[in-house]
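> Before we start, here is the structure in question, set down as structure tokens.
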Amino acid sequence: MAEIVLGAVFAELLKVVTHVISESLKFKSELEKLKWTLESITPLIQEIETLNIALNIPMKETAKLKEELIKGTDVVRKCSEVKCSCFKRVSYSDKLIKLNQTIERICRVDMLTQLLRDNKKILAEEITQTELIKDNKKILEQVEERGVNMQTDNKKILVRVNATLSILRRNEKGGENRGEIDELCSVPEPPEITPGLDASLEELRKDLVEDNGMQVIVVTAPGGYGKTTLVKKLCTDDQVKDKFKENIFFVTVSKTPDVKFIIKRILQHMKKEVPTFQTEEAAINDLERFLKSIRQKAILLVLDDVWSESLVQKFKFKLPNYKILVTSRSVFPQFGPGHRLKPLNDEAAMILFRSSITPQDGKQTYFDENLANKILRVCKGSPLALTVVGKFLCGEPEAVWQSKVKEWDQGHFFADETFSSGWYELNAPEVEVIVLNVRTNKYALPNFMWNMGKLKVVIVSNMYGFLPAELSNFSILGSDIVSNIKRIRLEHVSIPSFDVQMKNLQKISLFMCNVGQAFKNSNCQISDSFPNLLEFEIDYCNDLLELPDKLCDIVSLKKLNITECFNLSTLPEEIGKLVKLEELRLASCTALTELPEMVTELSKLKLLDISGCLSITKLPTQIGKLCSLEMLGMRGCSSFELPQSIENLERLKLVK
């Protein structure tokens, strides 16, 4: 009987939510989210009801959810009666958000755990073949592990559970569909047209097939140069396949690798039972034992898109006939010079470009040899650039070709890790955007930037090193000739100071930078350096302990975003001087303990976001003075009461 009550209570809440949405505009956003949650977990509730009745599960197992559903129904009904009081609107908005989160949490953890247990119970009753259960146990464990993941959609989980049950209930042969698992580390198909790779293929084929003592072979090149295409082609080569046969494992690593997950995929690919690894070391040891068990066979492990030399070292084992093929943007000296993939020559580049602009239906399309040659010069032999540009121009008329070629030829310049000192005499007065990809511990902005009179955007990115690169020659940005710069973005660099005047700069973004010394070492006022700055973004800069007073002198600021600066603990009272500020984001600054009372002087502020600021225990008492405030973000800040003055926020539309 209890299970029927659960279903009835659930249906009643969904009915009330739907009714209030249709009858009132109040709390529409919160109620729509709640309705979506309820609809998404409907299959889960139905499945639980069915199993509870069939297995005679006691009432207490669903009592918690039933209680929350009853409370929620009462809250939603009261929402339709709330008057215009801002304080009550905020209070009930918070209640609806918490209700949604609570239902989600109970269903995704408690109820799902129950569902998995019940499925196991039925399974134990129906399946008597011990060998079959053992053979398929790992699949059920995968579902269970994913099932308790708070970010997994309930419907998808339910499908996984039912699919697993179907697999385990098959006939005594234990023949399951391994197709998906077989594909885990299979070699992806290379593109049909791969010009310019023959020489590299020949050299690498020799390194793999011959017993030359090289266990690790590294293919290096900038991004978009065809490293992955090359190794795909190599792994499908007849001689390579003849040597390694089914023991070719292709794994894409990327920037933030999970060693346990990689090893799990390899073992699953070989139909091995995979335990739950408690540590990375345990996973590595398990992989080594497996590889030694098949040591009589040749083994090729392909690690694609590796960013760390140390990761490759973890997969090295003392085994005969064991090779590791690595692709990376970096050279790994520990494993020798490696194979440097060069840009495509003009002939190969033209073949690839022409194939990219040919429609799939094979119809004739516009093509101009002279314009194509200009495009080849712009793309500098990069297969990715040639392919992207070709697909963009496919089917376009002559006018578009001419317009885009002119734009690419004059308007943009990119300097990546192939950049050399020979460029220092470059004369490019038409350049508007420059992107500098840094690969050294110390980097000086190139002197040729002095001549870029039309330069508007500067991006300096160091995504290769573990430590921020020390940036120098910063003063070049203050040259009168390059005075048109409007936007600067710096990533993972250390800034010496802000002693440079950029009168037209409108936006500066700092990501993973060392900025503390820049504020301390600047001799001139930062307001003099950036007199017309509109947006200042500081993200993930962990050496920022406090926001300097002098930054508040930039009275032109309209947006100040300081996010995920986990060591920022203090904001200056002078922040009230930013009289034009419309947006203040402080999300996930977990050490920030309070907002200064002077924040309430920001009369033009429309958005205030302190989501994830876990140490803030109260809002300024006069928060109601923010007469223009339309949105207040407080997600994750539930440990304090709202001040009475919040009722004065007449323009407040959204609290989340």
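Just so it is clear, none of the values below were taken in a lab; they were calculated from the coordinates. Worth saying up front: this structure is predicted, and the values here are computed from it rather than measured. Quick reminder, even Gly has a Cβ in these numbers, built from the backbone with ideal geometry, and neighbours come from all protein chains shown.
> Using 0.36 nm per residue, how much length does the chain from D258 to A399 gain when fully extended, once their Cα-Cα distance is taken away?
Between D258 and A399, full extension yields 45.9 nm more.
> If I stretch the segment between L384 and K64 completely, what's the gain in nm (0.36 nm per residue apart, minus their alpha carbon distance), one decimal?
Full extension of this stretch gives 109.7 nm more.
> How far apart, in nm, are the 7 Å Cα→Cβ label points at Q334 and N567?
With each label placed 7 Å out from Cα toward Cβ, I get 2.7 nm.
> Still on this structure: Give me a comma-separated list of calculated 3J(HN,Hα) values for region 572-577, in order, Karplus coefficients 6.51, -1.76, 1.60 applied at θ = phi - 60°, integers in Hz, x for any Gly or Pro.
x, 4, 5, 4, x, 7
> Go ahead and collect, in residue order, the members of region 270-295 whose backbone nitrogen is under 16 Å from a label point 7 Å along the Cα-Cβ direction of N247.
Counting backbone N atoms under 16 Å from the label point, the list is 270-272, 287-295.
> Once you list every other residue whose beta carbon is under 11 Å from the beta carbon of P572, what net charge do they have if Lys and Arg are +1 and Asp and Glu are -1?
Summing Lys/Arg as +1 and Asp/Glu as -1 gives -3.
> Continuing with this model, one more query. What is the local net charge at K618, summed over the other residues whose Cβ is closer than 15 Å to its Cβ (Lys, Arg +1; Asp, Glu -1)?
-3
> Also, quick follow-up: Distance between the C-alpha centers of region 520-576 and region 246-278? Whole Å please.
Computed from Cα coordinates, the inter-centre distance equals 45 Å.
> Over what distance in Å are the Cα centres of region 311-370 and region 599-656 separated?
Taking the Cα centre of each part, region 311-370 and region 599-656 sit 52 Å apart.
> Here's another thing I want to ask about it. Report the gain in length on full extension from Q517 to T279: 0.36 nm times residue separation, minus Cα-Cα distance, nm rounded to one decimal.
This chain segment gains 81.8 nm when fully extended.
> For a 32 Å ceiling on Cα separation, which of these pairs sit above it: K243/K391; K391/K503; K380/K486; K406/K486; K292/K342; K406/K558?
Beyond 32 Å: K243/K391; K391/K503; K292/K342; K406/K558.
> Hey, rough spin-label estimate for F367 and I481, points 7 angstrom out along Cα→Cβ, what's it come to in nanometres?
4.1
> Moving on. Could you sort the peptides 297-309, 348-360 by per-residue average Cβ neighbour count (10 Å cutoff), highest mean leading?
Highest to lowest by the protection proxy: 297-309, 348-360.
> Arrange the peptides 75-81, 192-198 so that the one whose residues have, on average, the most other Cβ atoms within 10 Å appears first.
75-81, 192-198
> Shifting gears a bit: If a/c stays under 1.5 just call it rounded; otherwise compare a/b with b/c (prolate if a/b is bigger, oblate if not). Do that for region 505-545, with a ≥ b ≥ c from the square roots of the Cα gyration tensor eigenvalues.
Here region 505-545 falls in the oblate category.
> Now for a different question. Would you mind classifying region 222-305 by shape? Square roots of the alpha carbon gyration tensor eigenvalues, ordered a ≥ b ≥ c; an a/c under 1.5 is rounded, otherwise it is prolate if a/b is larger than b/c and oblate if not.
It is oblate, given that a/c is not under 1.5 and a/b is not larger than b/c.
> Given a Förster distance of 25 angstrom, what is the FRET efficiency for H19 paired with R651, based on the Cβ-Cβ distance and rounded to 0.05?
Calculated transfer efficiency: 0.30.
> If you don't mind, there's one more thing I want to ask. Could you tell me the calculated FRET efficiency between A444 and Q239, based on Cβ-Cβ distance and R0 = 45 angstrom, to the nearest 0.05?
0.45
> A follow-up question, please. Given H placed 1.01 Å from N in the peptide plane, which residues other than close sequence neighbours of A591 have an amide H under 5 Å from its amide H?
L568
> Taking square-rooted eigenvalues a ≥ b ≥ c of the alpha carbon gyration tensor, is region 278-371 rounded, prolate or oblate, where a/c under 1.5 means rounded and, failing that, a/b exceeding b/c means prolate?
prolate
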